[in-house]
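Take a look at the structure below.
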Amino acid sequence: MGKDLRHRHMTEMTPVTYTAPTKAVPALPDAQTVTEVKHYTDRLFSFKMTRPASMRFRSGEFVMIGLMGDPHPETGKVKPLLRAYSIASPSWDEELEFYSIKVQDGPLTSKLQHIKVGDEVTMRPKPVGTLVHDALLPGKRIWFFATGTGFAPFASLLREPQTYEDYDEIIITHTCREVGELTYGRDLIEGLKPNELLNEVIGDGFWKKIKYYPTTTREQSPKMGRITDLMKSGEAFKDLGVPPLNPDNDRAMICGNMAFNLELKEMFENYGLVEGANSNPQHYVVEKAFLD
Ligand code: A2P
């Protein structure tokens, strides 16, 4: 299905035969060309870049991307400064999308936040990761739990046909400090409804399976609080109209800061859920969101 979608997408975009996107031949090894940059807040931005024609990945995986560092003062050698970034675009897409934090004194993101269309970004095209459907047993409902830029792998999985083939219900929770940090995720989910291609390929109204539960912790919004606290009090389950997670029906993927990941892991173990991996599919999987 994913392959079919990618093929159709390309056919739509390129009327005759598919040829690699026109771009200047990159001067550096593993370089890709930036095609779009969007800034959301002073802490968050997203960007797109070209995808090597030979690169395959599973929705939810990450790659190492970065920039070439400054030349060594004596040897003149340049080394790339790379970090793990979840691919935010789905596996069938022609381009690669990423969602990033900006840390003013961060080794990579202090520079990466200034990239412009046409610039080159280095990428090691070896996608890996545990936030993939293969690492979970079949279930009825899938939960995606994110904080901050941890939304990125779910931006991929929310546009992945298999997500809707495998589950009756998809619940995505996103906890951020401020309201503006929810924009990327909210826009992405809103954008699924009018997306004709996805409605045609996945099924008309596929997006009705999604329940979106955004919360903020440091700025007023309709739902305040950490998702962990809202689950412990039962409020989140009441709001969503579903029972607490159980190993028979529920599957979950976690991507956030370290404290968040650990707290949710402990909660899941108490619900009786077992952590899975590519080689051992179980009830839930975890990955650390990138923080420079
Ligand atoms: P809080 O503002 O209460 O710390 P950050 O930007 O620092 O990575 O945080 C992103 C979001 O994750 C914030 O809303 C933060 O809430 C929340 N958060 C941090 N630690 C946890 C945790 N252990 N459980 C749930 N949410 C957390």
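Can you tell me the FRET efficiency between Val78 and Ala53 if r is taken as the Cβ-Cβ distance and R0 is 25 Å, rounded to the nearest 0.05?
On the way: r = 26 Å, r/R0 = 1.04.
Once the sixth-power term is evaluated, E becomes 0.45.
Considering only DSSP beta bridges with both partners in the chain, what is the antiparallel share in %, to the nearest 5?
Values: 27 of 55 bridges.
Rounded to the nearest five, the antiparallel share is 50 percent.
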Using Cα centres only, tell me the gap between segment 134-153 and segment 74-102 in whole Å. 21
State the extension gain, in nm to one decimal, for the chain segment bounded by Asp239 and Ser279, taking 0.36 nm per residue of separation less the distance between their alpha-carbons. 10.9 nm
Under 5 Å between amide hydrogens, which residues at least 5 positions from Val285 or on another chain qualify, with H placed 1.01 Å from N in the peptide plane? Ala252, Met253, Ile254, Gly276
Convex hull projection area averaged over all views, segment 46-167, Cα basis, nm²: 8.8
Taking 7 Å along the Cα-to-C-beta vector as the label spot, tell me the Lys208-Asp42 distance in nanometres, rounded to one decimal. 4.4
Could you state, as a whole-number percent, how many of the C-alpha pairs of segment 51-115 are farther apart than 16 Å? 55
Pulled fully out, how much extra length does the chain show between Asp187 and Arg226, if you take 0.36 nm times their separation in residues and subtract their Cα-Cα distance? 11.9 nm
Using a cut-off of 30 Å between alpha-carbon atoms, which lysines can reach Lys77, once sequence neighbours fewer than 8 places away in the same chain are excluded? Lys23, Lys48, Lys102, Lys111, Lys116, Lys126
Each label point is 7 Å from the Cα along the Cα-to-Cβ direction; what then is the distance between the points at Lys116 and Glu219, in nm? 2.7
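Across segment 156-235, how many lysine pairs, 8 or more positions apart or on different chains, have C-alpha atoms separated by under 18 Å? Please give the number.
5
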Return the Cα extents of the chain along principal axes one, two and three, sorted largest first, each rounded to a whole Å. 58, 47, 38
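For the chain, what is the mean residue ellipticity at 222 nm derived from helices alone (per DSSP H run of n ≥ 4: -39500 (n - 2.57); sum divided by total residues; nearest 500 deg cm²/dmol)?
Working: 9 runs with 69 residues, N = 292.
Roughly -6000 deg cm²/dmol at 222 nm, from the helical runs in the chain.
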Multiplying the sequence separation of Arg124 and Asp248 by 0.36 nm and subtracting their Cα-Cα distance, what value in nm do you get? 40.8 nm
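So if R0 is 35 Å, what FRET efficiency would Val179 and Val34 give, r being the distance between their Cβ atoms, rounded to the nearest 0.05? If you can, show how the numbers build up before the last one.
Working: r = 28 Å, r/R0 = 0.79.
With a Förster radius of 35 Å, E is 0.80.
Every number here is computed from the coordinates shown, using simple stated rules; none is lab data. From a predicted model like this one, the values you see are computed outputs, not experimental measurements. With ideal geometry, Cβ positions are generated from the backbone for all residues, glycine too; neighbour counts draw on all protein chains shown.
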